[in-house]
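Peer 1: I have a structure here, written as structure tokens, and I will follow up with some questions on it.
The values are calculated or read from the model by the stated rules, or taken from the named source; none is laboratory data. Note that the structure is a prediction, hence the values are computed from the model and not measured. Here the Cβ positions follow ideal geometry from the backbone for every residue, glycine too, while neighbour counts run over all protein chains shown. In case anyone asks, the SASA skips ligands and DNA or RNA and just uses the protein heavy atoms, side chains included. Shrake-Rupley method; radii C 1.70, N 1.55, O 1.52, S 1.80 Å.
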Amino acid sequence: VQLQAFGGGFVQAGGALRLSCAVSENIVSPDVLQWYRQAPGKQRELVVRDNTTYIDGVKGRFTLSSDNAKRTIYLQMNSLKPKDTAIYYCAVLDLKVLRQYWGRGTLVTVSS
């Protein structure tokens, strides 16, 4: 399974971006869809899992969704803050084989 994230860019604080992640194979249950991020000088952290688990800092601002027909996972990010600046990675956990697939990251830069 190959994943490719895109849609990152430069945005001012308060703005919005939508990241997309193209998946090479069908997204089927019970695959676990995720977005991670890695800020400069920090470890990679989970941002959202399956639109059910969000880290506190993004609750109410970020939303994960997917379009199975397009094999695409989205991350809608609203009210962006400078602390959201990071490289964002999409990931899919295939529970049938217990394997995590990662996409290449896309950089999001939020200016104050």
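Peer 1: When you scan the stretch 13-24, how many residues do you find that are exposed (fewer than 13 other Cβ atoms within 10 Å of the Cβ) and in a strand (DSSP E or B)?
Peer 2: Summing the residues that are exposed (fewer than 13 other Cβ atoms within 10 Å of the Cβ) and in a strand (DSSP E or B) in the stretch 13-24 gives 1.
Peer 1: Let me ask something else. Please determine, by comparing only the residues of the stretch 25-50 that are closer than 20 Å to Gly8 by Cα and assigned to a loop (DSSP other than H, G, I, E, B), which one is most open to solvent (accessible area, probe 1.4 Å).
Peer 2: Looking at residues that are closer than 20 Å to Gly8 by Cα and assigned to a loop (DSSP other than H, G, I, E, B), I get Gln43.
Peer 1: Let me ask you something else. Those residues that are surrounded by fewer than 13 Cβ atoms within 10 Å (Cβ to Cβ) and in a strand (DSSP E or B), I need them from the stretch 54-74; list them, please.
Peer 2: Passing the criteria: Ser65, Asp67.
Peer 1: Just the residues that are at pLDDT 95 or above, open to solvent by 30 Å² or more (accessible area, probe 1.4 Å) and more than 22 Å from Gly41 (Cα to Cα), please, taken from the stretch 75-99.
Peer 2: Within the stretch 75-99, Gln76, Asn78, Ser79 qualify.
Peer 1: Regarding the stretch 81-91, can at least one residue be identified that is more than 20 Å from Val108 (Cα to Cα) and among the hydrophobic types (A, V, I, L, M, F, W, C)?
Peer 2: no
Peer 1: Inside the stretch 1-26, can you point out the residues that are out of contact with any Phe, Trp or Tyr (no Cβ under 8 Å at 6 or more places or on another chain) and closer than 30 Å to Val97 by Cβ?
Peer 2: Gln4, Phe6, Gly7, Val23, Ser24, Glu25, Asn26
Peer 1: So which residues in the stretch 75-105 are in a strand (DSSP E or B) and more than 19 Å from Gly14 (Cα to Cα), if there are any at all?
Peer 2: Correct list: Tyr89, Cys90, Ala91, Val92, Leu93, Asp94, Arg99, Gln100, Tyr101, Trp102, Gly103, Arg104.
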